[in-house]
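We did not get these values from a lab; they are worked out from the coordinates using the rules stated. What you see is a predicted model, and the numbers here were worked out from it, not measured in a lab. A quick note on method: Cβ atoms are made from the backbone with ideal geometry, for glycine too, and the neighbour counts reach across all protein chains shown.
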Amino acid sequence: MRTFVLLSNNARTDGNWSLNDLPGAGRMDLIARCINSAFWLSDTLRKDVELYVVLGGPPRPPVCVKFKSSELRQMSPDERNIASSVKELLGKQLSSDWASNGRGGYACLKGFEELLSGIETEKGTENIYWLTAGGAHFKEYDGKGFANAAFVLGDAVGPSKEQKKLLRKYNKLSLGATEYLASHCIAVINWLADTA
């Protein structure tokens, strides 16, 4: 199972935002594009991917949202529909346990450190990659190992100082000198794993 973790430190952590203003909800449009890039192929869904989004904006951070490709139901690949699923999850009564929408989406009150700790226990430190400028070029790694790895990336705001400290123990991975959109990075990682 390939895992993506998106840090979105400004994204709203409740459902009180408009589907007509996704950027105004802390760049929910960017989150929707990342979810699309993680799961959708031309005419089907991937079956081997999960994506976590750690939301750090107002009013109750942090909240973690999770989608599992093998369980996705009744969700179209357009930004508005994906954002609607996130909004629905954020409107639930959340606790430390995962709340499900019954269609492959989950949400809980979990922070970045706790999430990474669980992923590390499952995959091992050596199978977690932090996508960052200055990391080792992806050609230095065997893309075959990407199939069951975890990849951590941020939005335009990027990780906080505390989050960077947590990430330093993992592999640093770069897709080259050009900085790409987070959604494009996810698509490239999927392609590298597909073609390895």
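Summary of computed values
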| item | result |
| --- | --- |
| Environment charge at ASN148 (Cβ cut-off 15 Å; Lys +1, Arg +1, Asp -1, Glu -1) | -1 |
| Cα convex hull volume per residue for the stretch 2-195 (Å³) | 112 |
| Mean ellipticity per residue at 222 nm, deg cm²/dmol - from DSSP H runs of n ≥ 4 across the chain, formula -39500 (n - 2.57) | -9000 deg cm²/dmol |
| Relative contact order, percent, the chain [alpha-carbon distance under 8 Å, six or more residues apart] | 26 |
| Global size of the stretch 9-117 as Cα Rg and Dmax, reported in angstrom | 12.8, 37 |
| Exceeding the 29 Å Cα-Cα cut-off - candidates LYS92/LYS144; LYS87/LYS144; LYS66/LYS144 | LYS92/LYS144; LYS87/LYS144 |
| C-alpha long axis of helix 79-90 to longest principal axis of the chain, angle in ° | 70 |
| Cα gyration tensor, the stretch 90-184 - rounded (a/c under 1.5), prolate or oblate | prolate |
